[in-house]
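Asks: Once you've had a glance at the structure underneath, I'll fire off some questions.
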Amino acid sequence: MILQALDAYYRRKQADPDPAKRLPAFGLEDKEIPFVLEIDAGGRLLNIADTRSNEGKKKIGQRFLVPQGVKKTSGVAANLLWDNAEYVLGIPDAKKLEKSRADNNEAEYLDRLQSMRQKFREVIASLPGAVQADDGIRAVLAFLDGLAPETLTGFAALPDIEAANPIVSFRLHGDIGLVCQRPAVVAATAARSEEKPDGVCLVSGQPAAIQRLHPAIKGVWGAQTSGANIVSFNLDAFNSYGKTQGANAPLGAAAVFAYTTALNHLLARDSRQRIQVGDSSTVFWAEEAHELENALADLFGDPPKDDPDRNVNAVQALYSAVAAGQFTVSKLDTRFHVLGLAPNAARISIRFWETATAAELAHRIKQHFDDIDIIHAEYEPRYLSLSALLKAAGRKKSDGTHDIPPNLGGEVMRALLEGLPYPTTLMNHVITRCRAEQARKDQNAKPVPNVGYARAAVLKACLNRSIRFRQSNEKEFLPMLDPANTNPGYRLGRLFATLERIQEDAAGGPGKLNATIRDRYYGAASSTPAAVFSTLLRLSKHHLGKLSDGLAVVRERLIGEIMDGFEANSFPPRVLPLTEQARFALGYYHQRQAFFTKSESKNQEETQ
C-alpha cells in the first residue's frame with residue numbers, strides 16, 4: 001500500500017503542469033554535482049566549473065538530472081557519465097588512501113582505483129553504436145583516453161576535488177546541459193531501463209523486469225549518509241521459497257524508480273512536505289494538489305526565525321477551514337498519506353503509516369491543538385510544535401539537545417493522526433521530568449519551572465483524551481484555572497502552588513528565594529501527599545504571619561476554598577497513581593499561572 005501510494009504520487013508529479021516541479025523521467029535522477037568538467041570536441045579539458053553556492057556554513061552543489069545511479073556495493077560499479085572523482089578522474093580519496101597506508105595495503109587500493117577508472121569507461125563504451133557517434137560521448141571517451149596527471153594541473157578546483165572526492169560530470173563546450181543530458185543519451189538510458197519481463201510487479205500487477213537491488217533512500221535523519229533501504233533482504237532467514245533479495249518483494253524497474261524517486265523528493269533537505277518528529281522523519285502527500293499538503297510542516301514544525309508567525313497563521317487557517325467546512329481552493333475528500341520513517345542500521349523501519357481524507361485530517365489536527373491549548377505567558381509561543389512537546393518528555397543534555405525516548409515521536413504522531421489517546425509513556429515521562437527537575441536552574445542560574453508550559457500542555461492533552469476515549473463522566477480540564485474542579489489531585493496541586501506563593505510573598509515576592517518548597521517537597525507532595533502536606537500547612541502559618549493583613553486574608557481564604565472538603569488529616573494516604581500525579585501537576589501549573597494574571601495583581605493591590 002505504501003509503495004503503491006508513492007508510485008501514484010510520482011505519476012502525479014510527473015504530470016505537473018509546472019516543469020520546475022516535475023520529478024525526473026524514468027531512468028533519470030536529480031543529483032547534486034559540485035564540479036563539471038568542461039571539454040571541447042577533442043576531449044581537451046578547458047575548465048572545471050564549480051557549481052557550489054553557500055547555504056549557511058555549507059557549500060551546496062547545483063542539482064542536475066542525470067542517468068539513475070547504480071546500487072553501490074563492495075564491488076566496482078560505475079554510473080553513466082557521472083560519478084565521484086575516484087571513478088571519473090582516478091584521483092584517490094584522501095581518507096581511503098590514508099587508511100590503506102595505515103593498513104599496509106596501499107598497492108591494493110591503487111589497483112582498485114585503476115579498476116574503477118576502467119569500469120567508468122566501460123559503462124560509457126557499452127552504449128549503443130548510434131549513441132557512440134554522439135559528439136558529447138566521443139569527447140568524453142577522448143578525454144578519458146588522454147587523461148594524465150598533468151591534465152588537471154593548474155585548475156583552481158583541483159585541491160577541493162582531491163580533498164573531498166566529490167561527484168563530477170561532463171559538459172561539452174558550447175552546450176548548456178551536461179553530456180549525460182544530451183537527447184541521444186537520455187533515449188538510450190530509457191531504453192536500457194526497459195528489460196525483458198521476468199515476473200509480476202506487486203505495484204502495477206503487470207509483467208515486468210523485477211529489480212534485484214533498489215536505490216537507496218536518503219534524507220532519513222540518523223540513517224547512513226549514503227542512504228538506506230525500505231525493501232532489502234540480505235540474509236537467508238529473510239528469504240522465502242528459495243527467492244533472494246528483490247525477488248522476495250517483486251517490483252518492476254519502473255515501480256522501483258517511481259517509489260524511490262518520490263520518497264527521496266519528499267525527504268529532500270528543502271522539502272516542504274517533511275518534518276522531524278523525534279527519531280521519525282515524517283513525510284506527507286496528497287493524491288491530488290491540496291493546500292494542506294504544504295501546511296503540515298508549518299502546523300507541526302518549529303516556526304522559522306525569519307517568519308515566527310508562520311505557525312500561528314497556519315493553525316488559524318486550519319481552524320477557519322474546519323469552521324467553514326471547506327478549504328479555500330481544495331477538496332475535503334482528497335486523501336492524504338502520512339509516513340513516518342526511522343533508521344535501522346542500513347535499513348529504514350516504518351514508524352507509522354496513516355491515510356485519511358483532508359477533512360478527517362483537519363478535524364484531528366484541530367482537536368490536537370484544542371487539547372494542548374493551555375494558559376501561558378505572553379512571550380511564549382501561542383501554538384506548540386511537536387518537537388516542543390516531545391522535548392518536554394526528555395532530559396536536557398549538556399549539549400543543549402534533549403534525550404527523547406525512542407519511538408515516542410512515532411507513537412504521538414500516530415495518536416494525533418488517528419484521533420486516539422496519546423501514549424501513556426508520554427505522560428509518564430513528563431511526570432518523571434517534573435519530579436526530577438524541581439531544582440533545575442538555567443545557564444543564568446535562574447530557577448526553571450519544573451511544570452512549564454509544554455509539560456502542562458502535554459498533561460492536559462493526555463488527561464482529556466483519556467477522559468474522552470473512556471467516555472468517563474469526569475469533567476475535562478480547561479485551558480485555565482478551574483476553581484470548580486474538585487478532583488483531589490488537581491486541588492492538591494493548587495494547594496501546593498498556593499503554599500509556595502505564600503512562602504514567596506513572605507520573602508518579598510517571586511524570585512527572591514534561592515529555593516522554595518517546590519525544590520524540596522514537590523516529589524513527595526505529588527506522590528505521597530499525606531506525608532508532607534500537614535507539615536507544609538504548619539509552615540505556612542509562619543509565612544502568613546509576615547504578610548500584610550489584607551494579603552494574609554486573601555491567601556487564607558484561597559487555602560480554605562481549595563481545601564473545602566479536605567480535613568486536616570484526610571489527605572490521600574497511599575501513593576497517588578500517575579494519572580493523579582498528572583492532575584496534581586496541572587493544578588499546580590494552573591494556580592501558578594493564575595497568580596500572574598492581571599486580576600490577581602489587581603486583587604493584591606486593592607487588599608493591601
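Asks: If I model a spin label at Leu539 and Gln471 as a point 7 Å from the Cα along the Cα→Cβ vector, what separation in nanometres do I get?
Replies: Between Leu539 and Gln471, the label points sit 4.6 nm apart.
Asks: Kindly write out, for segment 471-481 in residue order, the coupling ³J(HN,Hα) from the Karplus curve 6.51 cos²θ - 1.76 cosθ + 1.60 (θ = phi - 60°), rounded to whole Hz, with x marking Gly and Pro.
Replies: These are the phi-based 3J(HN,Hα) values: 6, 6, 7, 5, 6, 5, 7, 7, x, 10, 4 Hz.
Asks: Is it possible to state the helix-based mean residue ellipticity at 222 nm for the chain, with each DSSP H run of 4+ residues giving -39500 (n - 2.57), the sum divided by total residues, to the nearest 500 deg cm²/dmol? What is it?
Replies: -13000 deg cm²/dmol
Asks: Also: Averaging sequence separations of C-alpha pairs under 8 Å and six or more residues apart, then dividing by the length of the chain, give the relative contact order as a whole percent.
Replies: 10 percent
Asks: If you don't mind, another one. Round to the nearest 10 and give me the degree value, 0 to 90, for the angle of helix 135-145's Cα axis relative to the longest principal axis of the chain.
Replies: The helix 135-145 is inclined about 90 degrees to the chain.
Asks: Can you match Rg/Rh (Cα atoms, Kirkwood Rh) to one of these, (i) 1.42; (ii) 1.10; (iii) 0.95, based on a calculation from the structure here?
Replies: Of the labelled values, this structure produces (ii).
Asks: Using the number of other C-beta atoms within 10 angstrom as an exposure proxy, rank Val277, Val430 with the fewest first.
Replies: Going from sparsest to densest Cβ surroundings: Val430, Val277.
Asks: Which angle from 0 to 90°, rounded to the nearest 10, does the C-alpha axis of helix 517-527 make with the longest principal axis of the chain?
Replies: Its long axis makes an angle of about 90 degrees.
Asks: Under the 0.36 nm per residue contour assumption, what length would be gained going from the current alpha-carbon distance of Asp549 and Ala102 to full extension?
Replies: 152.8 nm
Asks: A further question follows. Plugging the Kirkwood radius over Cα pairs into Stokes-Einstein for segment 155-271, at a temperature of 4 °C and a viscosity of 1.567 mPa s, what D comes out in µm²/s?
Replies: Rounded, D is 75 µm²/s.
Asks: Fewest to most neighbouring Cβ within 10 Å: what's the order for His376, His368, His402?
Replies: By the 10 Å Cβ count, ascending, the order reads His402, His376, His368.
Asks: Can you pull the one-decimal nm distance between simple spin-label points at Lys57 and Glu288, each 7 Å off the Cα toward Cβ?
Replies: Reported label-point gap for Lys57 and Glu288 is 4.6 nm.
Asks: Nearest 10 degrees is fine. How inclined is helix 533-544 to the longest principal axis of the chain, computing both from alpha carbons?
Replies: 70 degrees
Asks: A follow-up question, please. Of Phe336, Phe533, Val283, which is farthest along the charge dipole of the chain in the positive direction, counting Lys and Arg as +1 and Asp and Glu as -1 at C-beta?
Replies: Phe533
Asks: Next up: Under a crude label model (7 Å from the Cα following the beta-carbon direction), how far is Thr401 from Asn428 in nanometres?
Replies: 2.4 nm
Asks: Near the amide H of Asn84, under 5 Å away, which other amide H atoms are found, from residues 5 or more places off or on another chain, if H is placed in the peptide plane?
Replies: For Asn84, whose amide H was placed from the backbone, the distant partners under 5 Å are Val168.
Asks: Under 12 Å from the Cβ of Val315, count the other residues' Cβ atoms, weight Lys and Arg +1, Asp and Glu -1, and hand me the total.
Replies: Residues close to Val315 contribute a combined charge of -1.
Asks: Going by how many other Cβ atoms sit within 10 Å of their own, how do Phe595, Phe64 line up, fewest first?
Replies: Phe595, Phe64
Asks: Something else about it: When DSSP assigns beta bridges and you keep just the ones with both residues in the chain, what percent turn out antiparallel, to the nearest 5?
Replies: Counting DSSP beta bridges with both partners in the chain, the antiparallel share is about 90 percent.
Asks: Still on this structure, please answer the following. Give me a comma-separated list of calculated 3J(HN,Hα) values for segment 208-213, in order, Karplus coefficients 6.51, -1.76, 1.60 applied at θ = phi - 60°, integers in Hz, x for any Gly or Pro.
Replies: Coupling constants for segment 208-213: 7, 7, 6, 7, 6, 10 Hz.
Asks: Any idea what the dipole of the chain comes to, in debye rounded to 20, about its Cα centre with Lys/Arg Cβ at +1 and Asp/Glu Cβ at -1?
Replies: Computed charge dipole of the chain: roughly 1440 debye.
Asks: Beyond 19 Å between alpha-carbons counts as too far, so tell me which of Lys31/Lys218; Lys31/Lys99; Lys366/Lys460; Lys72/Lys218; Lys58/Lys397 fall in that bin.
Replies: Cα-Cα > 19 Å for Lys31/Lys99; Lys58/Lys397; rest within.
Asks: While we're on this one: Can you list the lysines whose alpha carbon sits under 20 Å from that of Lys57, skipping same-chain ones fewer than 8 residues off?
Replies: By straight Cα distance, Lys57 reaches Lys305.
Asks: What residues have an amide H closer than 5 Å to that of Phe336, excluding those fewer than 5 places away on the same chain, when H is modeled at 1.01 Å from N in the peptide plane?
Replies: For Phe336, whose amide H was placed from the backbone, the distant partners under 5 Å are Ala356, Thr357, Ala358.
Asks: Hey, if you put +1 on the Cβ of every Lys and Arg and -1 on every Asp and Glu Cβ in the chain, which of Asn47, Gln114, Gly177 ends up farthest toward the positive end of that dipole?
Replies: With unit charges placed on the Cβ atoms, the residue in question is Gln114.
Asks: Taking amide hydrogens as modeled 1.01 Å from N in the peptide plane, which residues meet the under 5 Å criterion relative to Leu28, leaving out close sequence neighbours?
Replies: Gln68
Each value in this text was obtained by applying a stated rule to the coordinates, not by laboratory testing. Remember, predicted model here, so these are calculated numbers, not experimental data. For neighbour counting, all protein chains shown are included, and Cβ atoms are generated from backbone atoms with ideal geometry for every residue, glycine included.
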